[in-house]
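The values are calculated or read from the model by the stated rules, or taken from the named source; none is laboratory data. It should be emphasised that the depicted structure is a prediction, and the values quoted were computed from it without experimental measurement. A quick note on method: Cβ atoms are made from the backbone with ideal geometry, for glycine too, and the neighbour counts reach across all protein chains shown.
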Amino acid sequence: MNSAVKLFIIILIPFLAGLSMPETKPLNESFFGENMNPDRIDAPFTGGFGEQTCHSCHFDYDLNMDGGSLSAEGFPVAFRAGEEYDITVSVESEHLRNGGFQLTTRFEDGSQAGSFSWNGDHLKYTPGISDDIKYLQHTRESTIPTGERKVSWNFTWQAPECSGEEVIINIAANAGNDDDSAFGDWIYVKELILKPQ
C-alpha cells in the first residue's frame, strides 16, 4: 500500500467516526437541562418530608457552609389560628451573586398548613407540583442581591384556622455564584416547628 493511500485512510477514519457520533449539547443543557434557569424549579427541594434539597443538583459543597446563612424572620414560636405573620426569608454568603429559595408549611401528616400572600412579582408557587401543597419560591426578578452578598424575600403567612397541630416549615436556599452552572453554589436548609397557642 503506497503512502498516499495510507494518508488518505488516516484522514478518512476519524472523519467518518465523527459523522456517526450523535450531536451533543453544551454541558449545562445536556446534563442539567432547563433547571439551570433559576426561575424553572419544577420539583420539591425543601428537604422536608423525605424530599431532596437544592444540594441534589448544586453539590460542590457541604450543606450549611460556614461563611453564609439562611434565616426566616417573623415565624412565631407559637402561632394563633388564622393570624397573619409578616415573614422575611434571607440567604447570604461571602460569595453570593444571586440567590433563590423554596419553602413549605405543613402539618405532621404532610398536608398544607396555612396560606401565603405577597405583593409584586418577586414570588410564585413552584409549577408542576400538586396544588395540595404550596411550594413558595423566588422568581427570576428576585434573585438579585438586595444588599451586600444577601438576597431577601417578603411575604405574609396566614396560620391555619382552628388547628391544634404543630406546623413544620422547611426551607432550602441557594447562595449562587451566578455562573449559570450547578457548580460553586452554597446550599442552606432550615426546619422550624411552630407550636399552636
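Inspect all residues belonging to the range 138-146 and state whether any of them is more than 16 Å from Ala173 (Cβ to Cβ) and free of Cβ contacts under 8 Å to residues at least 40 places away in the same chain.
Yes, the range 138-146 contains a residue that is more than 16 Å from Ala173 (Cβ to Cβ) and free of Cβ contacts under 8 Å to residues at least 40 places away in the same chain.
Annotation note: Cβ proximity below 8 Å between a residue of the range 34-56 that is in a helix (DSSP H, G or I) and a residue that is acidic (Asp, Glu) and modelled with pLDDT of 75 or more (sequence gap 6+ or interchain) occurs for Met36/Asp180; Cys54/Asp185.
Matching residues to (1) more than 28 Å from Lys124 (Cα to Cα); (2) modelled with pLDDT under 55; (3) surrounded by 12 or more Cβ atoms within 10 Å (Cβ to Cβ):
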site: Lys25; (1), (2), (3): yes, yes, no
site: Pro44; (1), (2), (3): no, no, yes
site: Val77; (1), (2), (3): no, no, no
site: Asn98; (1), (2), (3): no, no, yes
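Pairs linking a residue in the range 171-183 that is in contact (Cβ under 8 Å) with a residue 12 or more places away in the chain and crowded, with 24+ Cβ neighbours inside 10 Å to a residue that is in a loop (DSSP other than H, G, I, E, B) and aromatic (Phe, Trp, Tyr), with Cβ atoms under 9 Å and 6 or more positions apart or on different chains, are Ala172/Phe45. Screening the range 100-111 for residues that are touching a residue at least 40 places away in the same chain (Cβ under 8 Å) and more than 14 Å from the chain's Cα centre (by Cα) and picking the one that is surrounded by the most Cβ atoms within 10 Å (Cβ to Cβ) gives Thr105.
Which residue, of Ser130, Ser111, Ser115, is modelled with pLDDT of 95 or more and more than 14 Å from Asn170 (Cα to Cα)? Answer to the selection: Ser115. Within the range 112-124, being crowded, with 21+ Cβ neighbours inside 10 Å and farther than 15 Å from Glu166 by Cα holds for one residue alone: Leu123. Give me the residue from the range 144-197 that is of a type in the set (Gly, Ala, Ser) and under 22 Å from Phe116 (Cα atoms) and, out of that set, modelled with the lowest pLDDT. Among those residues, the one meeting the criterion is Ser163. Selection of first residues in the range 76-91 that are assigned to a strand (DSSP E or B) and of second residues that are basic (Lys, Arg), restricted to Cβ pairs under 8 Å at least 6 apart or on distinct chains, gives the following pairs, ordered by first then second residue: Ala78/Lys195; Phe79/Lys195; Ser90/Lys150; Val91/Lys150.
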